[in-house]
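The next block holds one structure in the form of structure tokens; read it before the comments.
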Amino acid sequence: MMPIPKTYLHDKLVLLLVSGNIFLAFISTILIFLRLNVGQGGSGYIVEYRSNLGISPFKAGSITDILSFAVFAVVVVVIAVGLSVRTYGVRRELSLSVLGAGVLLLILSIIVSNALMVLH
């Protein structure tokens with residue numbers, strides 16, 4: 001395991017992006033858990049939309065398929081921060097772009113998971 005560069009923890013923009021990633025992952029998981037209807041059964045959630053299927057483009061799934069969005073948010077944060085720490089010593093801009101891509105992925109994850117949860 002590589003040690004965290006000392007300047008990484010003192011860079012304000014890096015800390016802003018890391019905290020933004022963590023906050024968006026937290027919001028994503030909270031929104032998913034608040035919209036789950038655990039008491040009404042674990043099935044009936046719409047997890048896919050396929051426009052090429054014609055009359056029934058929605059595919060139903062179980063509660064674990066919806067919970068995979070929360071797991072995805074946590075995995076994105078861990079990978080983005082890990083890659084950012086490893087690339088900070090090489091180029092600061094690359095590290096910042098990795099964290100920015102993580103923010104973008106988390107925002108898209110929130111939008112998609114909420115759109116699917118509304119269809120439930």
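Between amide H atoms placed 1.01 Å from N, distances below 5 Å from GLY61 occur with GLY44, TYR45, ILE46, VAL47, all of them 5 or more places distant or on a separate chain. Helix 92-118 against the longest principal axis of the chain: what's the angle in degrees, Cα atoms only, rounded to the nearest 10? For helix 92-118, the angle is close to 10 degrees. Axis of helix 12-35 versus longest Cα principal axis of the chain: the two differ by about 20°, to the nearest ten degrees. Between the helical axis of 63-88 and the longest alpha-carbon principal axis of the chain there is an angle of about 10 degrees.
Helical content alone sets the calculated 222 nm signal of the chain at -23000 deg cm²/dmol, taking -39,500 (n - 2.57) per DSSP H segment of four or more residues and averaging over every residue.
When only the Cβ of Lys, Arg, Asp and Glu is charged (+1, +1, -1, -1), the dipole of the chain relative to its Cα centre reaches about 240 debye. Over 24 Å apart: what share of the alpha carbon pairs of the range 12-118 falls there, rounded to a whole percent? The proportion of pairs with Cα distances above 24 Å equals 36 percent.
Give me the number: length gained by fully extending GLU48 to ILE27, i.e. 0.36 nm times residue separation minus the C-alpha to C-alpha distance, one decimal in nm.
Details: separation 21, 0.36 × 21 = 7.56 nm, distance 2.18 nm.
That pair, GLU48 and ILE27, stretches by 5.4 nm at full extension.
Considering only VAL103, PHE72, LEU83, and ranking their Cα positions along the charge dipole of the range 12-118 that arises from unit charges at the beta-carbon of Lys, Arg, Asp and Glu, the one farthest toward the positive end is LEU83. Among ALA80, ALA101, ALA70, which one shows the highest mean-square fluctuation when the chain is modelled as a Gaussian network with alpha-carbon springs under 10 Å? Its mean-square fluctuation being the largest, the pick is ALA101. Positive end of the dipole of the chain (Cβ unit charges, origin at the Cα centre): among TYR45, SER62, SER28, the Cα lying farthest that way belongs to SER28.
Throughout, read-outs are computed from the coordinates displayed, never taken from laboratory work. Small disclaimer: the values here were computed from a predicted structure and weren't measured. Cβ atoms come from the backbone with ideal geometry, glycine included; neighbour counts cover every protein chain shown.
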